[in-house]
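S.K.: The structure is given below, and queries will be raised subsequently.
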Amino acid sequence: MTLEVQKDVCLFVVEEHLSRQILERISEVGEFDQEPGQGIAIQIDVEDAVGVAHQVETLAKVVEDEL
């Protein structure tokens, strides 16, 4: 099996309470359900991540406003 087609992958680490809304928006903007071959978006739980400590304070404020 050979794969010759280039595929781009975008990964987003987002706060759990906002994840479904973000996933649906990505699908809408990408028109994933309108045309075959437009792409897919999936949600994967992340147990832990490093390198995002500087964003935690800002993210906490956003989540408080959304909830």
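The values are calculated or read from the model by the stated rules, or taken from the named source; none is laboratory data. Model, not experiment: these values are computed from the prediction. Methodologically, a virtual Cβ is constructed for each residue, glycine included, from the backbone with ideal geometry; neighbour enumeration extends over all protein chains shown. SASA here: full protein model, heavy atoms, side chains in, ligands and nucleic acids out. Shrake-Rupley method; radii C 1.70, N 1.55, O 1.52, S 1.80 Å.
S.K.: With respect to Asp45, is the statement that it is over 12 Å from the mean Cα position of the chain (by Cα), open to solvent by 100 Å² or more (accessible area, probe 1.4 Å) and acidic (Asp, Glu) true?
M.R.: For Asp45, the condition - over 12 Å from the mean Cα position of the chain (by Cα), open to solvent by 100 Å² or more (accessible area, probe 1.4 Å) and acidic (Asp, Glu) - is not met.
S.K.: To continue, here is another question. Are any of the residues in the stretch 50-57 modelled with pLDDT of 85 or more, part of a loop (DSSP other than H, G, I, E, B) and exposed (fewer than 10 other Cβ atoms within 10 Å of the Cβ)?
M.R.: yes
S.K.: Let me ask something additional. Could you please find all residues in the stretch 1-49 being of a type in the set (S, T, N, Q), outside any loop (DSSP other than H, G, I, E, B) and farther than 22 Å from Glu64 by Cβ?
M.R.: Result: Ser27, single match.
S.K.: Could you grab the pairs with beta carbons closer than 6 Å, sequence gap of 6+ or different chains, first residue in the stretch 13-37 and closer than 30 Å to Ala53 by Cβ, second one assigned to a helix (DSSP H, G or I) and at pLDDT 90 or above?
M.R.: If the second residue must be assigned to a helix (DSSP H, G or I) and at pLDDT 90 or above, the pairs left are Val14/Ile22.
S.K.: Moving on to the next point. Against the condition exposed (fewer than 11 other Cβ atoms within 10 Å of the Cβ) and of a type in the set (A, V, I, L, M, F, W, C), how does Ile40 come out, does it pass?
M.R.: yes
S.K.: Now a separate question. Is there any pair linking a residue in the stretch 48-62 that is closer than 13 Å to Val14 by Cα to one that is open to solvent by less than 70 Å² (accessible area, probe 1.4 Å), with Cβ under 6 Å and at least six apart or on different chains, and which?
M.R.: That search, which allows pairs on different chains as well, returns Leu59/Glu15.
S.K.: So, one more: For Gln34, state whether it is more than 18 Å from the chain's Cα centre (by Cα), at pLDDT below 85 and open to solvent by 100 Å² or more (accessible area, probe 1.4 Å).
M.R.: Taking the combined requirement at face value, the residue does not satisfy it.
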